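A short write-up of the structure that comes next.
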Amino acid sequence: MTESFSGDLSQQWSALVRLIRRRLWTILTFLSITLLVVVVGTKLQTPIFRATATGLIDMETPNVVGVSTTRDDFTLGPSNYQTYADYYRTQLEIMANRAISEQVFANLKLDEESAYTTALDPVGTLQDQVTVEPVKQTRLAKIHVEDHDPKRAARIANELALVYTLENLNRASATETMILAKTEYLELQKKEAE
């Protein structure tokens, strides 16, 4: 029984080899055409380059207003993981915000470049090129920009990171100014009360 099985197997291999020999030119032609189509298709595609800028989301202590359980007034609630996670997600959304993109568009004078002049919404086109990706288990975010021009992609990614950083600094400065003003006001009120 084993001999008949091995005989059947050897006959099948012999039949397969004969079939391949008979159809060799058909097989080679098919493979050559497929290879040619893939090579030509790849060469005709416009390359898309990806530039990445990495930004650090600096964690400020979030001032979350919560209701006190012991008194009838509002107090600052505890900072917990969810508070920081919400802050982090908010910062990621701000990075991809239209206002930031508009500032980048104006700073780099992208309205003068042909890739944006024909678009109905040039800032929207810019936003479509941008992806903000959080880096897991860190406070880092990667700002990816895809473009046909590698230098322009790098300029846009770097400018997005810069504009985001400046916006955060301006916001922090305004917050510090407000805190100083409140402190001075409270000190004046305290002196008047005495």
Condition (residue is touching a strand residue (DSSP E or B) at 6+ places or on another chain (Cβ under 9 Å) and either outside any helix (DSSP H, G or I) or at pLDDT below 85 (or both)) applied to segment 12-27: is it met by at least one residue?
no
Residue set L56, L36; condition at pLDDT below 90, open to solvent by 80 Å² or more (accessible area, probe 1.4 Å) and under 39 Å from the mean Cα position of the chain (by Cα); output residue L56
I need the full set of residues from segment 139-172 which are touching a Gly at 6+ places or on another chain (Cβ under 8 Å), within 18 Å of A99 (Cα to Cα) and part of a strand (DSSP E or B), in order please.
I143
Would you please name the residue that is modelled with the highest pLDDT, looking only at residues in segment 100-137 that are open to solvent by 60 Å² or more (accessible area, probe 1.4 Å) and of a type in the set (G, A, S)?
A106
Residues in segment 151-168 that are in contact (Cβ under 8 Å) with a residue 12 or more places away in the chain and open to solvent by 60 Å² or more (accessible area, probe 1.4 Å): how many?
4
So, first residue under 18 Å from A161 (Cα atoms) in segment 82-96, second residue open to solvent by less than 70 Å² (accessible area, probe 1.4 Å) and in a helix (DSSP H, G or I), Cβ within less than 6 Å, six or more apart or across chains; the pairs are M95/Y164
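The values are calculated or read from the model by the stated rules, or taken from the named source; none is laboratory data. Computed from a prediction, not measured in an experiment: that's the story for all the values here. Note that each Cβ is placed from the backbone with ideal geometry, even for glycine, and that neighbours are counted across all protein chains shown. These accessible areas exclude ligands, DNA and RNA; they are computed on the full protein's heavy atoms, side chains included. Shrake-Rupley method; radii C 1.70, N 1.55, O 1.52, S 1.80 Å.
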